[in-house]
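This report refers to the structure that appears directly beneath it.
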Amino acid sequence: MKKKTKLDERQEQVLLKIEHYGFWLFFWLTFLNILVMPLVSKVWAIGLTSGSFLLVCAVTIIACAWNGIFDRHFSLSMKTNVLTALLAGLFGLIVMTVQNHAMYEVDWGHALLAGLFTGVSIGIITFVLMCIVSSATKRRLKKLNKEPQDKS
């Protein structure tokens, strides 16, 4: 069953084009990463992999905001920002709690405190970033809707 999209045909085509270029950018960065990995240390290899992923994410977010596109299924609202931040914070809390307990052999109480600090920090940062991206996308969408489509 296909979910209803919140985008019109033009926005859908632009989003597909952004996803297309984002995929190929990530593909070629990963290919270069595989070629460079044997030449660098393990820490550099992890950094290159993380960096290429973050670069593609940033390029995709900027391209979508520039074209006034937020998401196919979610709307630009404070509710979306809050839910996204809560999910990111919860994910950070779980990952850090388990990691601290497993890797550093810390008891569950202290691991949970560290995870809670990390989860709250991630949630706050995500909320602020989502608000910034939402407001930039809204401003750009207003500007795009104000401009005449065709002068012919």
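Laboratory data are not the source of any read-out in this text; all were calculated from the coordinates shown. The model shown is predicted, which means the values in this text are computed figures rather than measured ones. Here the Cβ is made from the backbone with ideal geometry for all residues, glycine too, and neighbour counts use every protein chain on show.
Remarks
- Dipole of the chain, positive end: most advanced residue of 56, 103, 141 [Cβ charges, Cα centre]: 141
- Restraint check, 17/42; 3/42; 2/42; 2/79; 17/142, Cα-Cα greater than 32 Å: 17/42; 3/42; 2/42
- Based on DSSP H segments of at least four residues, each scored -39500 (n - 2.57), the chain has a per-residue ellipticity at 222 nm of -28500 deg cm²/dmol.
- Computed lengthening from residue 105 to residue 50, 0.36 nm per intervening residue step minus Cα-Cα distance: 17.2 nm
- The distance from the alpha carbon centre of segment 17-41 to that of segment 86-123 is 30 Å, rounded to a whole number.
- Treating each Cα of segment 1-73 as an identical point scatterer and summing with the Debye formula, the log10 of I(q)/I(0) at q = 0.20, 0.25, 0.26 Å⁻¹ comes to -0.82, -1.05, -1.10.
- Its Cα gyration tensor gives segment 48-130 an equivalent ellipsoid. The semi-axes, each the square root of 5 times an eigenvalue, are 30, 17, 8 Å from largest down.
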